[in-house]
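All remarks here apply to the structure that follows.
Bear in mind that the values in this text are calculations on the coordinates, not laboratory data. As the structure is a computational prediction, the values presented were derived from the model and not from experiment. Every residue, glycine among them, receives a Cβ derived from its backbone with ideal geometry; neighbour counts consider all protein chains shown.
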Amino acid sequence: MMKASQIRELSTAEIVTRIAELERERFNLKFRGATQTLEDPLRLRGIRRDIARLKTELRVQQAAPAVAARKAGGK
């Protein structure tokens, strides 16, 4: 499980790459879970939450320039 502070240190490209890796791992675990029992079924929950954290931080990073421009233009 990744902490928010660790995620904030990542660049946008690293976040996108990490999301793709976790999506792939999530797919593989779901597929394996349909055919056999998983050793750690709670890993799916952790992956889903990590993906959500990464996507949230990605959105914050993408919105930061717009927020800064809005604040600068409003004063």
Identify all residues within the stretch 18-45 that are in contact with an Asp or Glu (Cβ under 9 Å, 6 or more places away or on another chain), among the basic types (Lys, Arg) and either in contact (Cβ under 8 Å) with a residue 60 or more places away in the chain or over 13 Å from Leu58 (Cα atoms) (or both); write none if there are none. Arg43
It is to be established whether one or more residues within the stretch 41-49 are loosely packed, with under 14 Cβ neighbours inside 10 Å and part of a loop (DSSP other than H, G, I, E, B). yes
From the list Ala68, Ala52, which one is loosely packed, with under 13 Cβ neighbours inside 10 Å and over 20 Å from Lys3 (Cβ atoms)? Ala68
Output the residues belonging to the stretch 1-17 that are free of Cβ contacts under 8 Å to residues at least 12 places away in the same chain and assigned to a helix (DSSP H, G or I). Ser5, Gln6, Ala13, Glu14, Thr17
Do we find that Ala20 is of a type outside the set (D, E, K, R) and more than 20 Å from the chain's Cα centre (by Cα) in this structure? no
Those residues of the stretch 1-17 that are farther than 13 Å from Gln61 by Cβ, of a type outside the set (S, T, N, Q) and surrounded by 12 or more Cβ atoms within 10 Å (Cβ to Cβ) come to a total of 1
